[in-house]
Each structure stands twice: as structure tokens, then as C-alpha cells.
Amino acid sequence: MQYMGSKRRFVKDLLPIMLESRKEGQYWVEPFVGGANMIQHVGGNRIGADVHEYLIALLSAIRDGWKPPTDVSEEMHRDVKINKDKYPPELVGFVGFCCSFGGDWFHGYARNKGGDNYALQGHNNLIKQAPFLKGIDFRCCSYQDLVIPPSSLIYCDPPYEGLAGYRDKFNHPAFWQWCRDKVNEGHTVFISENKAPDDFVCVKEVLRKTNLDARSPMVYSMERLFVYKQ
């Protein structure tokens, strides 16, 4: 699923490091599941949570066999944005993410000069993803309120500090303290970020290339994976 900040391109770089630390039967928990592009490649017990209610509604519906539309007009995009209560939450989630520019929540109707059908692309991508979502326990809640089984492996992909575009404000110092607390409780915790406090160590970094469209300049940054140094 296309989602702003997706780790789809980094699965092969980041996932093996985390799976090496995973014990048999251990829960894999993502408090910021996003487009489920990491968790879909993990087996066993899985919990995917996010505070965004429409995102969780969409992922849960796709997991359970719902098929999204293959065409969404600009007029429909506008109406869904303004009148969310008129539509099923999974449809609102689909239009808000898959039919919006860059996968950014209702950030303009997705279009390009080639006339690509972004609804159809989103439909096809989600149908392909659906089998890999089977068995995932999706939950709508904040990371602080997520009930996590003992001794879980927790992968966090929070909103990056200093980057705009997410719907909700995010308290980064509180998040890092939460990560420390979870490690001290016996969990294994990995965090995707571009920087971290001094008591966290980077265990992997990958050069990231990003551009919003063909006319935008290429931007280079580092994708980093951190763990807490106890």
C-alpha cells in the first residue's frame, strides 16, 4: 500500500536484522503500522496498530476480503473528504490515502500528465497485499495505549522528527522515553528514524533517495534503525 513514509523500499535491508533477534513464538508488534509494508513480510503472531482510525479500517477490511473501487473521480474525492460520515470508513481510508497525492492523507487528488488511474493502482496493490495481511491483529489506538504481550519484538516507525505532513502532532521526547521503558520491561525494541538521543545506537543505515515527482529534485537522506543502549 502506498503510504507516506512507507518502509517498502527498505524491507530487505532492515527486516533481516530484526528477525535475527526474534525468538520462536515471539509477538511482532508495530505501534505505527502505516501501510503494513513491513509487517506483511513477517510470519507468526503479529499486532499492527495505528492511531489513524480510517487507516486501520482500510487494512482490516482488505484483510477480511473487501475490494476497493477501481475508479474514484475528483468530485468523489472532494465529497469523501468533506463528508466522511456518509461513507464506510474503509472507503474513506482508501480514498484518503490511495487516491491522494503521494499517499498523503487527502493532500490533493492524485493525478499526473499521463492520466494514470491511481484508484485502480491502489486497488490492485491492496488486492495483492491482502493475502499477507491474514492473521494480523489490527488495532486502532495510540502507541501509549497499545496493550503489548510480554517479551514482544516491537518495531516502531514513528513520524520523523522535523518532517511535516502527518495528521497528528507527535511528542518525540515522550516517545523515546516510552521506548526505554519498553526495553526495561523486557521487550526487544527497534526504531526507524533519521536521528535519535545519545543513549540509542544505530545498527543499520541505508541511503534514501526521494523525489515527489519527475520534476522535483532528488533528495538524499539516511534511513537508520536504532536500538536502546541499556
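The values are calculated or read from the model by the stated rules, or taken from the named source; none is laboratory data. Keep in mind that this is a model prediction, so the values were computed, not measured. A quick note on method: Cβ atoms are made from the backbone with ideal geometry, for glycine too, and the neighbour counts reach across all protein chains shown.
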Original post:
Is at least one residue of segment 62-82 of a type in the set (Phe, Trp, Tyr), within 16 Å of residue 126 (Cβ to Cβ) and either surrounded by fewer than 20 Cβ atoms within 10 Å (Cβ to Cβ) or outside the structural domain of residue 128 (by TED's automatic domain parsing) (or both)?
Top reply: yes
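Here's the yes/no breakdown for (1) over 27 Å from residue 41 (Cα atoms); (2) assigned to a helix (DSSP H, G or I):
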residue: 76; (1), (2): yes, yes
residue: 102; (1), (2): no, yes
residue: 107; (1), (2): yes, no
residue: 112; (1), (2): yes, no
residue: 148; (1), (2): no, no
If you go through 91, 153, the only one that is more than 16 Å from the chain's Cα centre (by Cα) and under 19 Å from residue 228 (Cβ atoms) is 153
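Yes/no per residue for (1) assigned to a loop (DSSP other than H, G, I, E, B); (2) closer than 29 Å to residue 82 by Cβ; (3) touching a residue at least 60 places away in the same chain (Cβ under 8 Å):
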position: 127; (1), (2), (3): no, yes, yes
position: 131; (1), (2), (3): no, no, no
position: 138; (1), (2), (3): no, yes, yes
position: 169; (1), (2), (3): yes, yes, no
position: 180; (1), (2), (3): no, no, no
position: 183; (1), (2), (3): no, no, no
position: 186; (1), (2), (3): yes, no, no
inquiry  = I'd like to know if segment 100-107 contains one or more residues that are crowded, with 19+ Cβ neighbours inside 10 Å, small (Gly, Ala, Ser) and closer than 29 Å to residue 29 by Cβ.
reply    = yes
